[in-house]
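Encoded as structure tokens, the structure appears first; notes follow it.
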Amino acid sequence: MKNLKDIYIVGAGGLGREVRTMLDANAFSFQGYIDDDTSKPNVKFDIDTFKNRTIRNSTILLAIGSPKVRQALVQRLSYGETFLSLTHPQAILQDKDSIKIGKGCIICAGSILTCDIVLGDFTIINLNCTIGHDVMMGNFCSLMPGANISGSVTLGEGVFIGSGATVLQGIQIGDGAIIGAGAVVTKDIPPHCTAVGIPAKPIKFHR
């Protein structure tokens, strides 16, 4: 029987190393990294080797910042693993009963979530983010350090919010949009675009 406290982290980069410290704070046991670059310290398996071993039913945590890469990895690892959601003890969830956290989410230290919030599966809330009331986030969203999401905001699937960006009250951001670091979003942002500046404006569209 697997021990749900024994955790493999997918991604041995900077975010992965930061997330490893969160395991210690939550009394989990770090078993090693899974990363396609097996030359990195503490990498035990690449993805394909991991899939083909008997430990495929392990508990794993995805520590990859890019929404697209994270989504692709979930598809590659769908072999019965338990995807852990992890909240740092120094994050503040003001009304836990009204906050719904999907599977595979990471909420880092210093972040504050108020009330009536939905985090889709495999969402990452990095250091010192704030999320106001009635926020809805789709699957695979990423908030980088210091992002501020005001009340009644809706983020589509795979939205990336850069460091220090602010999204004002009631804004909707479409699937796959990227908001640049330090941007201030004052109007709705369409899907699959990159928006930057104050106020944020789309500068290119992508798929």
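Just so it is clear, none of the values below were taken in a lab; they were calculated from the coordinates. Quick caveat, the model's predicted, so the values are computed rather than measured. We place every Cβ from the backbone using ideal geometry, glycine too, and count neighbours over all the protein chains shown.
Annotation note: trypsin sites (Lys or Arg not before Pro) in region 36-128 located in DSSP loop regions with a Cβ neighbour count of at most 16 within 10 Å are R53, K103. Mind checking the angle between helix 67-76 and the chain's longest principal axis? C-alpha axes, 0 to 90 degrees, to the nearest 10. Taking the Cα atoms of the chain, the angle to 67-76 is about 30 degrees.
Angle of helix 14-25 to the longest C-alpha principal axis of the chain, folded into 0 to 90 degrees and rounded to 10: 70°. The shape of region 6-84 comes out rounded: with a ≥ b ≥ c from the C-alpha gyration tensor, a/c is under 1.5.
Of the cross-linked pairs K68/K96; K68/K201; K51/K103; K68/K204, those separated by over 25 Å at the C-alpha level are K68/K96.
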